[in-house]
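Undergrad: Dropping a structure here in structure tokens format, bear with me for questions.
The values are calculated or read from the model by the stated rules, or taken from the named source; none is laboratory data. Since this is a predicted model, take the numbers as computed values, not measurements. Counting neighbours? That spans all protein chains shown, and the Cβs are built from the backbone with ideal geometry, glycine included.
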Amino acid sequence: MTYISSKLLSFDDFSQQYGNDSRYELIDGELRDMEPTGPHESTSGKLAGRLFVEILRLNLSWTIPKNCLIRPPDTEATALRPDVIVLDEADLVEEPLWEKQPILTRGKAIRLVAEVVSTNWQDDYARKVEEYSLLGIPEYWIVDFRGLGGIAFIGKPKQPTFTVCQLVNGEYRQQQYRSGEPISSALLPELKLRLDDLMP
């Protein structure tokens, strides 16, 4: 991840200039190039595919948009672009911008967000944990297939880790999974998934 400019941008400036470009995200006014790699995109695609198959199997009215932005409440210059997001279509009617732009300003329609860790691991393990919990998103998954996160987040020795953050009383409880371990989700309890299934 690289910082592009020393000039701070507002959310509106960002959405007009970079809203349709999936390479960029805005954190506190700073434009960030997410620098997605092939393996990163492959992992995101595999995860979205697995989730979509489970959504179809359960006949849920959920969708996984190709691209969307989250504007956290009470922020003027932050636009988060999750790698994978699951939305409840029934609740999208309450999103004031959704009909004209793929922008979410409330968390009610968001069932799950997943971030595939890259060089911006600090945001994935710290900043986004806070932002997504404030939005009330029931589950946040952190897929660190290269073991990039800090030791405080993934332990020592560093290794590929899949973290499920489940919202309980407004805070995330985190459970880590390593290679070969079945991942447990309260949101999708019958989903059969291991970190190995997503590795590029």
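Undergrad: Please work out if Asp28 is surrounded by 13 or more Cβ atoms within 10 Å (Cβ to Cβ), modelled with pLDDT under 95 and among the acidic types (Asp, Glu).
TA: On the way: surrounded by 13 or more Cβ atoms within 10 Å (Cβ to Cβ): no; modelled with pLDDT under 95: yes; among the acidic types (Asp, Glu): yes.
No: the conditions fail for Asp28.
Undergrad: When you scan the range 87-112, how many residues do you find that are under 21 Å from Ser185 (Cβ atoms), without any contact (Cβ under 8 Å) to a residue 60 or more places away in the chain and of a type in the set (Lys, Arg)?
TA: Here the count works out to 1.
Undergrad: So which residues in the range 33-53 are in contact (Cβ under 8 Å) with a residue 60 or more places away in the chain and surrounded by fewer than 17 Cβ atoms within 10 Å (Cβ to Cβ)?
TA: The answer is Glu35, Pro36, Thr37, Gly38, Pro39, Ser42.
Undergrad: Moving on to the next point. Tell me which of these Leu9 doesn't satisfy, since it passes every other one: (1) outside any loop (DSSP other than H, G, I, E, B); (2) surrounded by 15 or more Cβ atoms within 10 Å (Cβ to Cβ); (3) touching a residue at least 40 places away in the same chain (Cβ under 8 Å).
TA: Here Leu9 meets the rest and fails (1).
Undergrad: Okay, next question. If I filter the range 79-102 down to residues being under 14 Å from the mean Cα position of the chain (by Cα) and β-branched (Val, Ile, Thr), which single residue comes out as farthest from Ser15 (Cα to Cα)?
TA: Checking each candidate, the answer is Val86.
Undergrad: Scan Gly180, Gly107, Gly150 and give me the residue that is surrounded by 15 or more Cβ atoms within 10 Å (Cβ to Cβ) and among the small types (Gly, Ala, Ser).
TA: Working: Gly180 fails: surrounded by 15 or more Cβ atoms within 10 Å (Cβ to Cβ); Gly150 fails: surrounded by 15 or more Cβ atoms within 10 Å (Cβ to Cβ).
Gly107 is the lone residue from the list that is surrounded by 15 or more Cβ atoms within 10 Å (Cβ to Cβ) and among the small types (Gly, Ala, Ser).
Undergrad: Yes or no: Ser44 farther than 25 Å from Glu139 by Cα and part of a helix (DSSP H, G or I)? So that I can check it myself, show each step before the final result.
TA: Working: farther than 25 Å from Glu139 by Cα: no; part of a helix (DSSP H, G or I): yes.
Spelling it out, it is not the case that Ser44 is farther than 25 Å from Glu139 by Cα and part of a helix (DSSP H, G or I).
Undergrad: Taking the residues in the range 114-143 that are more than 17 Å from Leu198 (Cβ to Cβ) and within 10 Å of the chain's Cα centre (by Cα) as candidates, determine which candidate is surrounded by the most Cβ atoms within 10 Å (Cβ to Cβ).
TA: Here is the first cut: in the range 114-143, the residues more than 17 Å from Leu198 (Cβ to Cβ) are 119-120, 122-123, 125-138.
Next cut, within 10 Å of the chain's Cα centre (by Cα) only: 128-129, 132.
Details: Lys128: 23, Val129: 20, Tyr132: 25.
Ranking the qualifying residues of the range 114-143, first place goes to Tyr132.
Undergrad: Considering only residues that are assigned to a loop (DSSP other than H, G, I, E, B) and in contact (Cβ under 8 Å) with a residue 12 or more places away in the chain, look in the range 156-177 and name the one that is surrounded by the most Cβ atoms within 10 Å (Cβ to Cβ). Write out each step before concluding.
TA: Looking only at the range 156-177, we keep the residues that are assigned to a loop (DSSP other than H, G, I, E, B), and these are 156-160, 169-170.
Those still in the list that are in contact (Cβ under 8 Å) with a residue 12 or more places away in the chain too: 159-160, 170.
Values: Gln159: 13, Pro160: 20, Gly170: 8.
Checking each candidate, the answer is Pro160.
Undergrad: Does the range 46-55 contain any residue that is of a type in the set (Lys, Arg) and either modelled with pLDDT under 95 or more than 16 Å from the chain's Cα centre (by Cα) (or both)? Even if it seems obvious, please write down each step before you answer.
TA: First pass over the range 46-55, keeping only residues of a type in the set (Lys, Arg): 46, 50.
Then keep just the ones that are either modelled with pLDDT under 95 or more than 16 Å from the chain's Cα centre (by Cα) (or both); that gives none.
No, that holds for no residue.
Undergrad: Would you please list the contacts, defined by Cβ atoms under 7 Å and residues six or more apart or on different chains, that run from a residue in the range 54-70 that is under 15 Å from Ile85 (Cβ atoms) to a residue that is among the β-branched types (Val, Ile, Thr) and not in a strand (DSSP E or B)?
TA: What qualifies is Trp62/Ile55.
Undergrad: Pick out the one residue from Pro96, Pro102 that is exposed (fewer than 14 other Cβ atoms within 10 Å of the Cβ) and not aliphatic (A, V, I, L, M).
TA: Working: Pro102 fails: exposed (fewer than 14 other Cβ atoms within 10 Å of the Cβ).
Being exposed (fewer than 14 other Cβ atoms within 10 Å of the Cβ) and not aliphatic (A, V, I, L, M) holds for just one of Pro96, Pro102, which is Pro96.
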